[in-house]
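A short worksheet on the structure shown next.
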Amino acid sequence: MALLEVEDLRVAFGAATAVDGVSFTVDQGRVVGLVGESGCGKSVTSLAIMGLLPRGRGKPAPVQAAAAESAAGIAPVAPQPKARKASRSGADVSGRAVFDGTDLLSLPPASMRRRRGSDLAMVFQDPLSSLNPVVTIGRQITEVLQRHRGLKGDKANREAANLLDRVGIPDPTRRLKEYPHQLSGGMRQRVLIAIAVACAPRLLIADEPTTALDVTIQAQILELLKDLVETEGTALLMITHDLGVVAGICDEVNVLYSGRVVESAPVRELFARPTHPYTVGLLGSIPRLDLGTHEPLTPIRGSIADVIRWKDGCAFAPRCDRVAAACVEGEPALVGSSHVHRCVMAEEVA
Amino acid sequence: MTTAKIEKLDRLIEAHAEARDARSGSLWRQSVRRMRRSPMAISGAVIVGLFVLVAILGPWIAPYDPTAQTWGREVFLNRSIFPGPRPENWLGLDHLGRDMFSRMIIGARQTLLVGVVATLIGFVAGALVGGGAAALGTFGGRWGERVEAAVMRAVDVALAIPMLLLALSIAALMGPSLTTVMVSVGVAQIPIFARMMRGSMLAQAHSDYVLAAISIGVPKSRIVVAHIFPNSLGPVIVQATLVLATAIIEAAALSYLGLGNPDPGTPEWGTMLADAQRFLSGAPQLAIYPAVAIIVTALGFTLLGEAMRESLDPRLRRQE
Amino acid sequence: MLRYTVKRLLQLSVALLGLSLLLFAWFKALPGGPENQMLPENATLDDRAALRESLGLNEPVWVQYLEFLQRVVRLDLGSSLSSGRPVATELADRLPATIELSLAAMVIAVGIGIPLGYLAARKRGTWLDFAAVSGSLIGICIPVFFLAAMLKVVFAQELALLPSTFRLSSGLQYTDVTGLRVLDGLITGEFNVAGDAFLHLILPAVALSSIPLAVVVRITRASVLDVIGEDYVRTADSKGLKPAVIRGRHVMRNAMLPIVTVIGLLLGSLFAGAVLTESVFSFGGVGSFVYQATQERDYPALMGFILVIAVSYVVLNLIVDLSYGLLDPRVRVRK
Amino acid sequence: MALGLFTACSDDGESGGDANTAEDFDFTCPERTDTDAVKDEAASESTPFVFGTPGEPSSLDPALASDGETFRVTRQVYETLLDTECTDTVPGLAESFDQNDEGTVWTFHLREGVKFHDGTDLDGAAVCANFDRWANFKGGFQSENFTYYYSAVFGGFAENDAEMGMESESIYQGCEADGLDATITISKYSSSFPHAFTLNSFAIMSPTSIDAVADATIEAADSPQPDYAMTPGSLAGTGPFTIESWDHAEQAVTLTRNDDYWGEKAGVKTIIFRTISDETARRQALETGDVQGYDLAAPADVQPLVDAGFQVPTRGVFNLLYLAYAQGNAPLEDHKVREALSYAVDRERIVNSVLPPGATVATQFMPPSLEGWSEDVVEYGYDAEKAKELLAEAGQEDLSIEFCYPTDVSRPYMPSPKDIFDMISSDLEAAGITVTATPITWTEYIPTTRSGECPLYLLGWTGDYADPYNFLGTWFADASTEFGLTADDQAIFDAVAAATSEPDEATRTELWMTANETIMEELPGLPLSSSPPSIAFAANVYPPNASPLTQENFAQVFFTQQ
């Protein structure tokens, strides 16, 4: 059975709906990708699973209500990645995120805290800002060892050194005494990973782990992650906007657009037969060597900002080349079994 | 039929576009909008507004000549008899039989004058010093850097002397007078303004649009004058609002130290407060009126300044 | 760290040199020149000439500056016009009082300010936050001398709760060690002295702490708010650490940096504030001495004070900077 | 001539002709009403009597000081040949004295059995040792910063030190001791004698302790006091108290009772003088019980204090506040203008509302308690109309004039200069005169006004001893810039000179009266008021006799039973 099963996850910041009924599953030892432009709600989804969103007042306002509140009856823009800082009232999370039989969303904070860092861990996007500048690398690793594995003093330090060694940092014992600003970007990201895997989590969530790094380093980090997944059998939820990364590491892919899954399929299937125009657009907008250089890139016009409410039709419609009347006939539903998509014009695309 | 649907789509998009424009807008416009929502800003603005109004209209509002010792024979300092509020004198009489209410009203103008002039002195001089230093440091080559270093050292040294102390020593040189208060308080503010101006100019100098401008070969002098300088003023202006509050309080302190405006003719809150300290047991009201006035006014400027600062500060803005 | 310290020390010496220049300029600029400030009311022209000679006012300026420096270094600051005693001695006698007072005020400011500011930040938008913020704003806006006077009237006169004059009750025998009465009392075991001195300290210290307290609250609140939003706090959270650990190691430790700097800057306002508070409580420190000096335009005394305060202020800030270096590895290790 | 002139405290207390002065007020020393106070022995022995002073003493050697705060302390420790009671000169260490007709030879007959604190006996030799010491001061000692009174009274020193600005010949001829007699010879009489012998600067100290400090030196005029003058106990006196400690940090001088005092022993065991510079703080200290008494109470505080049950004994008035007309400045040369100004000022209002209770409007340049005060001087009662007329006659309808006042002081004769200035200037404005306010700090005030730069200015004088010359001589002995008096005013100078050099008392008094009349005719300034500086005490204290000269004797103090 699935290790993590997300069902109809909704996250709203006050009137703004960031995640609008997302469902997907992550199986033991698999790598699942959440793909989409920034602002599509993928980061928020991961934070919601980790229980790192500031607690809101309760259930998210139903979209209609939200619409009523928001200016000119227009669906609000999805919040920025730093969404967790966005609203004083905090996020209203609903739905279920069943991890190994228990719904994480309904766990009391204390027990959630006990799982965080041990059962499920997370690697963040910006390695520099994600490490405490005034605390040594060693401390930042050992504190999690101490918390979840009760390791203290030398034992903890030795373990920390091993971890650094495992994520491929040379001369670990020296590094332990150093501070984040003394390390290179790649190194920092490795440290973050070391922290994440310190307690051998069963689910690892990586939120754009490579975006802040330059290409050569990216590859190394991806290798590292892959290797960890294979050796430890850890499940990995990979959040990225980069299809290259997806192709490189994922087994299954969920494409998000404006807070909803618009297409979801095994990675080869998706690359072979992209069904949703948005997915097509994404693929179209990455340069490919196998096609002749005369082939122009086909970027998606418009920006994530011009969306309409799913209620009024396909949120992607405004940017879609194949937009037709049907697109704005009420909400498009998810269709398909192993390869699901959310597009009324699907057959024409195929 | 289908056209109708398309129209609907277009309508949706338009509507949304408008909403988006409403949401964006220039930094200043945004901050102004944000301030309209903040109670801090509103209350501050109201207080300041009233204060300025009184300061301007003072002579027309004040029922009597604030310097005329009209009721001089009704006050007995040596028996601590100070007639309090009554129909003809709403706030009673001061220790020389002058109408307290009129004095408070006219005092507002003097107080504002002191605050504004002092702040202006600090602002202009500070902005020039700090701005000049920064400009030289960034574009003046090695020589410029040296000058900047020297100037900023000097500023640091000045900063090493507590503000009131700086004001005090300057005032001690000039002897007590209204000008003394304004100049000494103003001069004491120069270092801070200089530092701020330099800071915010350096920030601007390293911003992308400046690099862009340089790369396309816009003359440096022009960049400084036309882009960097005006763009760096924002935070400094905010600081000025805050300094106004400080200036008013510092002025009161100087008066207390006997360096204030000694001319009995022109009432000024700081002087009035300092002068009335000695009647605190016999006639506390003489001290309390100006004290409250000063506190409220200073509070007004502080609130306004803080609100402006918050609304301009991107870090704090995030948290809105 | 060493490099950093050396760098700071160099800056310090530069600052001090600049300071001496400033002071010299000031002293030269005194109305009617320095000699007038030193001459007795009934001095004759001969006296004046003699004094000009003895002060070397006929020498070229740079020579005068050097001599001025020598005198300053020798702590020969001339004698106070009002008391006739050497300014250096006057200050030496009174400095401990002011130090004790400033320390007490700082303790209040930090001890109450940081927790309060932290709470305000955590409870952002609640009544507590509102109270803390508006309270601190008002605190900044009350003229210190007025607040002092009010405190005295209310707590000493009306309620008769606390003593409000002198540092010690009259006739109380004490042995002088550091000059800080409370400390001395504890050292020598004269607990009655310590207690008495403590009581006498409360009102002046509270009055003096008003501004620092307000500032500390605000800066703490601001910088905690800032840090709470940082990614590394989220990371810490994602590690499932105990709230206490997150608060201490990850939030406060970073939030302290700006607070420490501000505290350094506040020391100045404390010294200045002493001039406004001490005289109200006849707290025989440098403050009340300078209060008189200002009233009487006792320039030698004034100069001595500015010198002492500015120097100690510069030095104190050096210490603060160094401690800052200890707190923030980025400062320490860079380059 | 016959033995000393010790008349009882004279009650020539008619009000100064001016209808608005308190008729019933006793100018000199009111009879005490609290003589039935019962002493609280225990308290007086155990608890110290703490007295709040406006300033710290500058020295513990009165010979080197000229300020009241120093004398307030030293007077309790060091005694003089003659003493003052009320304003009269009475026996001190000398039971009596003789003088020759020329008033140049003074023989003092000392008390028997008086011992200095260090055990040595008081005798003629001891007295002479002191006089010789003063006469032979060298170097910085001669500066007026230190020995103002000696040079003021005796003119100069044995060997004048030009560097200290000492030119004039010393009139001190020498001192001969004969057992308990000491004979002092001077070359020229002045009416300062014998009163000058009451000045605490001329207090007699143990010759042994003088010798001990003989080698002390003072370099320059601006040198600090010599160490011995800062150290308690280095000089032995004869007084009811000895100095126990001077705590600079706490600004406290502690005196302990001298139990083998020759006279009546002091009422309390310990007296502590603590400095509280701020007048409001002084009052609050009394109210909160931190002190049991303080001096120079602000007029505004007197009534509240009395209401709260504190004692504010009224001192006799022995000072004078005046508005000077510096005739060096053009319009003031015109007598009419001076008259106009004088009529324009409402002195009664000042006296009634700012000055402490007991203040009176002054009609001439000395307080009424002095022999030689005249009732027949020209008075210039408040009359704004007349002032306008006079100005018109003088062709000065739109007169505009500069008016100086001191910013940072409160003098015994002038509690709050700014208030008085405010009142006068508003009066002048009312008479159509434009006034330019010129505030000056006290240290600069004296030189500025002396130089005559200020056309109008406020100043005053507190008497050192009961002799008119101490007032009139200070201002009108000679041509001066401060009043802009020149050779044309010879009449005034002559009148003063005639009076002061007249050895016969009765004639001298007459001469002083004439002098006063001449002066007020000439009108070099407008005498404003004589006002007693207020001194306050706690309810459970038996206060010392209030002294017009502010020379209270704290040995009289004791705690009373409530």
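Loop-resident GluC sites (Glu not before Pro) (DSSP state other than H, G, I, E or B) in the range D:231-288 with no more than 14 further Cβ atoms inside 10 Å of their Cβ: D:Glu264.
Max-minus-min Cα coordinates of the range B:148-276 on each principal axis give 63, 27, 18 Å, with the largest extent listed first. For D:Ser245 and D:Ala437, the FRET efficiency from 1/(1 + (r/R0)^6), where r spans their Cβ atoms and R0 equals 56 Å, is about 0.80. A Förster distance of 25 Å, applied to the separation of the beta-carbon atoms of D:Arg111 and D:Ala37, puts the FRET efficiency at 0.30. Every Cα-Cα pair in the range D:293-427 was counted, and those over 25 Å apart are 36% of them. When each of D:Thr270, D:Thr434 is scored by the number of other beta-carbon atoms lying within 10 Å, the sequence from fewest to most is D:Thr434, D:Thr270.
If you take all other residues with their beta carbon under 12 Å from the beta carbon of D:Ala487, and give Lys and Arg +1 and Asp and Glu -1, the sum is -4. Percentage of Cα-Cα pair distances in the range D:319-530 greater than 28 Å, rounded to whole percent? Roughly 23 percent, rounded to a whole number.
Each Lys and Arg contributes +1 and each Asp and Glu -1, all at the Cβ; summed about the Cα centre of the protein assembly as shown, the dipole is approximately 15500 debye. Counted by Cβ distance under 9 Å from B:Met40, the other residues give a net charge of -2, where Lys and Arg count +1 and Asp and Glu count -1. Taking only the C-alpha atoms of the protein assembly as shown, Rg followed by Dmax gives 42.4, 145 Å. Computed over the alpha-carbon atoms, chain D gives an Rg to Rh ratio of 0.96, Rh here being the Kirkwood radius from the mean inverse distance. Dipole size of the range D:63-225 about its Cα centre, with +1 on Lys/Arg Cβ and -1 on Asp/Glu Cβ: approximately 260 debye, rounded to the nearest 20. Remark: for residue pairs C:Lys152/D:Lys39; D:Lys115/D:Lys138; D:Lys336/D:Lys388; A:Lys177/C:Lys7; A:Lys152/C:Lys242; D:Lys386/D:Lys418, the C-alpha separation exceeds 21 Å in C:Lys152/D:Lys39; D:Lys115/D:Lys138; A:Lys177/C:Lys7; D:Lys386/D:Lys418. Within 10 Å of the Cβ of each residue in C:267-274, the mean number of Cβ atoms contributed by other protein chains is 4. The loop-placed GluC sites (Glu not before Pro) in the range D:396-461, going by DSSP, that have at most 15 neighbouring Cβ atoms within 10 Å of their Cβ come out as D:Glu397. Here chain B is treated with +1 on each Lys and Arg Cβ and -1 on each Asp and Glu Cβ, and its dipole about the Cα centre works out to around 800 debye. Rg and Dmax of the range C:111-208, both derived from C-alpha coordinates alone, stand at 17.4, 52 Å. Taking the helices alone, chain D has a mean residue ellipticity at 222 nm of -7000 deg cm²/dmol, built from -39,500 (n - 2.57) per DSSP H run of at least 4 residues and averaged over all its residues. Using the alpha-carbon positions of chain C, Rg (one decimal) and Dmax (whole number) come out as 23.6, 84 Å.
Candidates C:Phe271, C:Ala301, C:Ala97 compared by Cα position along the dipole of chain C: farthest toward the positive end lies C:Phe271, with charges placed on Cβ. For chain C, set up a Gaussian network in which alpha carbons nearer than 10 Å are linked by springs, and say which option among C:Gly111, C:Gly139, C:Gly125 fluctuates the most. Looking only at C:Gly111, C:Gly139, C:Gly125, the largest GNM fluctuation is found for C:Gly125. As a proxy for reagent exposure, B:Val129, A:Val262, C:Val63 were ordered by neighbouring Cβ count within 10 angstrom, fewest first; the result is C:Val63, B:Val129, A:Val262. The label-point distance for D:Glu521 and D:Glu95, in a model that sets each label 7 Å from Cα toward Cβ, rounds to 4.8 nm. Normalising by residue count, the range D:63-225 has a Cα convex hull of 112 Å³ per residue. With both residues required to sit in the protein assembly as shown, DSSP beta bridges show an antiparallel share near 70%. Take the Cβ atoms of C:Thr188 and C:Gln157, set R0 to 30 Å, and the FRET efficiency comes out at 0.40. Taking Cα atoms only, the orientation of helix D:490-500 departs from the longest principal axis of chain D by about 30 degrees.
A short reminder: the numbers here are calculations on the coordinates, not readings from a lab. Keep in mind the model is a prediction, meaning the values are calculated, not measured. Backbone-built Cβ (ideal geometry, glycine too); neighbour counts: all protein chains shown.
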